[in-house]
Amino acid sequence: KKCLVKCLHRLQKGPGYSYKELLVWYCSNTNTHGPKRIICEGPKKKAVWFLITLLFTSLVCWQWGVFIRTYLSWEVSVSLSLGFKTMDFPAVTICNASPFQYSKVKHLLKDLDELMEAVLERILAPEQSYANTTRTLNFTIWNDTPLVLIDEQNPHHPVVLDLFGDVHNGSADSSLAPGRTCTAQGCKVAMRLCSLNGTACTFRNFTSATHAVTEWYQLQATNIFSQVPTHKLAEMGYPAERLILACLFGSEPCSYRNFTSIFHPDYGNCYIFNWGMTEKALPSANPGAEFGLKLILDIGQEDYVPFLTSTAGARLLLHEQRSYPFIKDEGIYAMSGTETSIGVLVDKLERMGEPYSQCTMNGSDVPVRNLYSDYNTTYSIQACIRSCFQEHMIQNCSCAHYLYPLPRGERYCNNREFPDWAYCYSRLRMSVAQRETCINMCKESCNDTQYKMTISMADWPSEASEDWIFHVLSQERDQSTNITLSRKGVVKLNIYFQEFNYRTIEESAANNIVWLLSNLGGQFGFWMGGSVLCLIEFGEILIDFVWITVIKLVAFTKNLRQRRAQARYAGPPPTVAELVEAHTNFGFQPDVARPGPDPGTYPDEQTVPIPGTPPPNYDSLRLQPLDIIESDSEGEA
């Protein structure tokens, strides 16, 4: 309260000193070199010292700006450190290259396979295949997404040819030329994608007919499998007891029961060893091939889907525990008839979070719903990007794609319910804006573990041991004395740590607050001989400048108000008597003689009015501004 009263008194009295006096006081008492010489030297030296001080002050401010801008760029430095310890064995996911057994899905793909064979006949021998059209084909699938031939002999006017235009006109429109043939050298195979009722169409071109028919078959198979429940699709895949023939971890035997099964849309049933979902992760006793995981797999190549899978082998991936295996993007193939040895080295990445990088600890700050969270797995940028694409697929195409997890309340795309989904999916897949949107929304994980693999292969089994090995494996699996396995169907894997040395790649702040303060202080001390106390003195004088300015503004406003009040009167302010006389006093009137019989009498016997009292006329009552006598001392206040 006392401080407030003092402030009010100071505002009413005005500033006690001027700007010039304040500057002189500061230059005389500051610890910064330079200002003292400005007021102590002669006129010429004053000018020289003023220019020198101004130049060095500008240099300090420029250097400070450079250092602050460098600090706010949030640069990081990367350090590499080596460690040695017993490590947990990675999770190992293995899948068959073929997602389904052809013997179990043949009834679903019957019409599609017949149509595929007819397409290959038209492409390979167009002149001869036109005569062979007696076979009845189901063109329901063909109508939605047909394959066409594009004749580019005249690049300015390409001709689109329908493969089945001569026998089926359901998919041909006015732009297609039925009945015309062309050679493979002069035509390209393309996929025609149209929206509902063919209002908008686009062609997806291929340089090779192999890619064209494979992509077309996979698209049509996706339409078929998306209408089958997942548990039934899993029954059509390869079971664990057939895929995994033998298992050995270190010196401990294992079996298919030690694997966790998940269904992958691209590879069917996949099996994960040491996933760490229900039990603790298994440690590796020692580095070396003897202490790793040894597997013998039977991929059953003779039961592959002929047009769906053109690669034979096993697909495998090493990843962290409790992480979802994106085996299609990150996995590797192991060839049948070989022993594949995989030596593993571990790299641990530790990134700094905000504001140094756009990484996340658990994905909670990412504005994308993680569709892979139903598997109870950790966050990864791959899961985020695929979840983002599925959300865009639902928003733009009104259905979810079969290759990604299905959100609750949504349905997978198929030709029966969503006839134009393939056209929408193709446009969304080729959209650069969609990819950039998802990449900008998703963040990398701050902590990540990568497994670097050294792969080597050799023929297995050898010709000398082939007979007895296949006899033993056939007896164990089929209880048969005959050989039921072949070199084309077996894969041997040997996965182990090369060494227990691991590398930690860690980010740290390149410019921290200590670096910033030391550089700011060094520049200030080098150019001007100052310190933190000098900055406090400078801050003090700034506060005094502001306070003086406030007091002057208050005084200026007060004087301006008084001048406006005095401008209404030409002369000095009126006295109290003059203000009172301005109003008529009817009680005080002079005696005026009236004509009548008696000059001393009043007519009509009127009573003589009582004279009023005149108001005092004191010049001492002139209005003057009251000077408030005040003091800055606490006692007088």
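Return yes when residue 504 is of a type in the set (Val, Ile, Thr) and in contact with a strand residue (DSSP E or B) (Cβ under 8 Å, 6 or more places away or on another chain) and no when it is not. Answer is yes for this residue. Among residues of segment 483-498 that are more than 10 Å from residue 298 (Cβ to Cβ) and open to solvent by 60 Å² or more (accessible area, probe 1.4 Å), those with a Cβ under 7 angstrom from a residue that is part of a strand (DSSP E or B) and at pLDDT 90 or above, sequence gap 6+ or separate chain, pair up as 498/343; 498/344; 498/345; 498/454.
What tally of residues in segment 282-307 results from selecting those that are of a type in the set (S, T, N, Q) and in a loop (DSSP other than H, G, I, E, B)? Before you say what the answer is, go through the steps one by one.
First pass over segment 282-307, keeping only residues of a type in the set (S, T, N, Q): 284, 286, 301.
Next cut, in a loop (DSSP other than H, G, I, E, B) only: 284, 286.
Looking only at that region, the number is 2.
Of all residues in segment 454-482, those satisfying the criterion of being aliphatic (A, V, I, L, M) and open to solvent by 60 Å² or more (accessible area, probe 1.4 Å) are 455, 457, 464, 472.
Only residues that are open to solvent by less than 20 Å² (accessible area, probe 1.4 Å) and within 35 Å of the chain's Cα centre (by Cα): list them for segment 310-322, please. Listed by number, the residues that qualify are 314, 316, 317, 318, 319. What do you reckon, is residue 451 touching a Pro at 6+ places or on another chain (Cβ under 6 Å), more than 21 Å from residue 193 (Cα to Cα) and open to solvent by less than 50 Å² (accessible area, probe 1.4 Å)? So residue 451 fits the description; yes. The condition of being open to solvent by less than 60 Å² (accessible area, probe 1.4 Å) and at pLDDT 55 or above holds for only one of 524, 556, that being 524. Restricting attention to segment 42-74, the residues that are within 50 Å of the chain's Cα centre (by Cα) and either open to solvent by 70 Å² or more (accessible area, probe 1.4 Å) or not small (Gly, Ala, Ser) (or both) add up to 19. The single condition from (1) touching a Cys at 6+ places or on another chain (Cβ under 6 Å); (2) open to solvent by 60 Å² or more (accessible area, probe 1.4 Å) that residue 39 fails is (2). Within segment 75-94, is there a residue that is surrounded by fewer than 17 Cβ atoms within 10 Å (Cβ to Cβ) and in a helix (DSSP H, G or I)? No, there is no match, as no residue in segment 75-94 is surrounded by fewer than 17 Cβ atoms within 10 Å (Cβ to Cβ) and in a helix (DSSP H, G or I). In contact (Cβ under 8 Å) with a residue 12 or more places away in the chain and more than 26 Å from residue 275 (Cα to Cα), is that true of residue 407? Taking the combined requirement at face value, the residue does not satisfy it.
The values are calculated or read from the model by the stated rules, or taken from the named source; none is laboratory data. All of these numbers come straight from a predicted model, not from anything done at the bench. All Cβ positions, glycine included, derive from the backbone under ideal geometry; neighbour counts span all protein chains shown. Ligands, DNA and RNA are excluded from the accessible area calculation, which covers all protein heavy atoms including side chains. Shrake-Rupley method; radii C 1.70, N 1.55, O 1.52, S 1.80 Å.
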